[in-house]
Amino acid sequence: MSLSASFPSALMTSKCPITRLKPRLPFLTVVLCAFSFLALLYTERITFFSSISIFKLKSCPRKPASSKTREKPMAEERSTNPLTDDRFEFDPEECNIANGKWVFNRSMKPLYTDRSCPYLDRQVSCVKNGRVDSDYRRWEWQPEDCTLPRFDAEIALNKMRGKRVMFVGDSLQRGQWQSFVCMVEWMIPADKKSLNRGSFLSVFTAKEYNATIEFYWAPFLVHSNSDNPIIGDPKQRILRVDSVANHSKHWTNVDILVFNSYVWWMSVAKIKSLWGSFKNGEEGYVEFDTPIAYTMGMKTWANWVDSNVNPNMTRVFFTTMSPTHTRSMDWGRVNGSKCFNETKPIRNRNFWGSGSDKGMMSVVSKIVNKMKVPVTFINITQLSDYRIDAHSSIFTETGGKLLTAEQKADPLRHADCIHWCLPGVPDTWNQILFAHL
């Protein structure tokens with residue numbers, strides 16, 4: 001094979017082509033040209049092969065940043081320069097969403113506000129409730145390996161055309177549902193959309209798309225005596241860990257199902273579990289350690305999915321646990337008041353707080369891995385664990401009423417470090433869901 005066929009053409013334009021050297025040239029000149037040729041050859045070969053293979057390989061962990069980079073204030077970080085960004089397009093099989101960082105982008109504007117979207121609960125409408133700082137809305141999640149596509153309302157609505165999308169779970173899942181609705185509803189004329197709220201099922205309808213975005217209240221997924229009305233004392237709650245039938249009749253004929261269930265299980269160390277109907281009385285329950293009861297409940301849910309969902313017709317997602325931030329000692333704030341007055345995400349890339357139980361997370365993972373119907377995780381736990389700044393805190397309501405001045409003055413007791421302000425972190429959860437769609 002000729003030289004021109006073997007290597008890039010740039011090599012043939014070298015200023016010192018070996019084939020044109022004359023014997024009368026000094027020996028030192030010959031040696032220098034030879035070294036120049038070899039160096040150019042080596043560089044071109046590396047560049048050529050790298051450009052072919054880099055997008056086909058699974059990404060490896062990046063080298064740690066230099067000490068100067070680590071010392072750079074997080075608030076000064078900006079989105080990666082697209083000219084030097086070597087991340088690949090989002091591929092759920094290749095990209096580890098959990099491995100990344102929050103990047104501050106002052107120019108970022110949410111698709112909605114708690115004043116522009118009429119469908120937000122007062123519980124999550126932090127600005128309406130008096131929150132003044134707004135930086136918590138300008139952080140973008142940037143995975144190390146890939147580029148997470150921006151949420152596009154028009155594309156999302158077209159993906160949902162003629163479909164039912166249903167979020168199923170607790171109040172955190174309700175927040176994700178409201179976020180999703182607000183991220184698309186601004187594109188729809190007022191007379192082409194509607195929202196019907198119910199005690200269990202709430203339905204947003206996009207008429208011209210013949211689509212619905214629904215939320216179904218089932219905090220444990222399995223049936224409990226506290227589904228509605230809610231029993232405030234967790235010790236009085238009893239679960240039917242063997243049945244989802246009371247709820248699942250509403251989950252049929254849905255095209256996209258998005259489940260979650262975590263925080264309600266974590267209220268007590270032991271959970272009262274019952275087999276059989278509540279109509280036969282609530283006696284005869286057995287108390288199980290929470291992880292055991294959780295395992296039984298999730299297996300019941302998984303059995304329903306495997307027995308009733310046609311994977312050719314319905315896609316199933318599971319939002320991993322949303323972390324709580326009720327112990328400021330976790331991030332070194334000895335005299336802190338939970339998440340109150342926090343204004344920046346945690347910078348420690350290895351942070352894992354006490355509000356995220358890895359054992360409970362592994363329960364769902366093991367069960368899903370054995371299911372016949374494929375379930376896609378919306379892996380939000382690690383990225384959300386950094387966001388101590390984005391909770392409702394004292395800018396929320398309790399018992400249907402906004403916090404009083406006296407309650408706001410006692411954040412250690414009254415700050416809500418479970419739910420999230422909207423717009424905010426749940427928008428990123430939906431950005432991940434959108435990427436999977």
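The values are calculated or read from the model by the stated rules, or taken from the named source; none is laboratory data. A quick note: this is a predicted structure, and the numbers were derived from the prediction, not measured. Cβ placement follows ideal geometry from the backbone for every residue including glycine, while neighbour counts extend to all protein chains displayed. For the accessible areas, the whole protein counts, side chains as well, though only heavy atoms, and no ligand, DNA or RNA atoms are used. Shrake-Rupley method; radii C 1.70, N 1.55, O 1.52, S 1.80 Å.
Summary of computed values
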quantity: Extension gain, Ser307 back to Asp255 (0.36 nm per residue minus Cα-Cα distance, nm); calculated: 17.1 nm
quantity: Theoretical gain in end-to-end length, Asn105 to Val132 [0.36 nm per residue, Cα-Cα removed]; calculated: 7.9 nm
quantity: Amide N proximity, the stretch 371-390 versus Met361 label position 7 Å along Cα-to-Cβ, cut-off under 16 Å; calculated: 377-388
quantity: Pairwise FRET efficiency - Trp186 versus Met266, Cβ, R0 = 41 Å, nearest 0.05; calculated: 0.70
quantity: Cut-off under 5 Å, modelled amide H: who pairs with Phe90 long-range; calculated: Thr147
quantity: Cβ-Cβ FRET estimate between Arg161 and Asn246, R0 fixed at 41 Å, reported to 0.05; calculated: 0.85
quantity: Packing-based ranking, highest mean first, of 204-213, 360-369 given that Cβ atoms within 10 Å are counted; calculated: 204-213, 360-369
quantity: Average accessible area per residue (Å²) across the stretch 81-158 - probe 1.4 Å, nucleic acids and ligands excluded; calculated: 51
quantity: Cα-Cα separations in the stretch 349-425 greater than 19 Å, expressed as whole percent; calculated: 54
quantity: Separation of alpha-carbon centers, the stretch 336-409 and the stretch 216-290, rounded to whole Å; calculated: 21
quantity: Loop-located trypsin sites (Lys or Arg not before Pro) in the stretch 266-362, at most 11 other Cβ atoms within 10 Å (DSSP); calculated: none
quantity: Label-point separation, Leu195 to Thr147 (7 Å along Cα→Cβ), nm; calculated: 3.3
quantity: Approximate shape of the stretch 291-437 as ellipsoid semi-axes (Cα gyration tensor, √5λ), whole Å, largest first; calculated: 33, 17, 16
quantity: Area accessible to solvent at Asp410, 1.4 Å probe radius, in Å²; calculated: 50
quantity: Solvent-accessible heavy-atom area per residue, rounded to whole Å², over the stretch 388-437 at 1.4 Å; calculated: 36
quantity: Only Lys, Arg (+1) and Asp, Glu (-1) charged, at Cβ; the stretch 294-399 dipole about Cα centre in debye; calculated: 320
quantity: Of Lys270/Lys358; Lys235/Lys358; Lys344/Lys408; Lys109/Lys358; Lys270/Lys299; Lys249/Lys372, those spanning more than 26 Å from alpha-carbon to alpha-carbon; calculated: Lys109/Lys358
quantity: Carbon and sulfur %, accessible surface of the stretch 297-437 computed with the full protein complex present, 1.4 Å; calculated: 47
quantity: For the stretch 83-200, Kirkwood radius (reciprocal of mean inverse C-alpha pair distance, Å); calculated: 16.8
quantity: ³J(HN,Hα), Karplus 6.51/-1.76/1.60, whole Hz, each residue of the stretch 98-107, x for Gly, Pro; calculated: 5, 8, x, 8, 8, 10, 7, 9, 5, 7
quantity: Residue-normalised accessible area of the stretch 198-320, given per residue in Å² at a 1.4 Å probe; calculated: 44
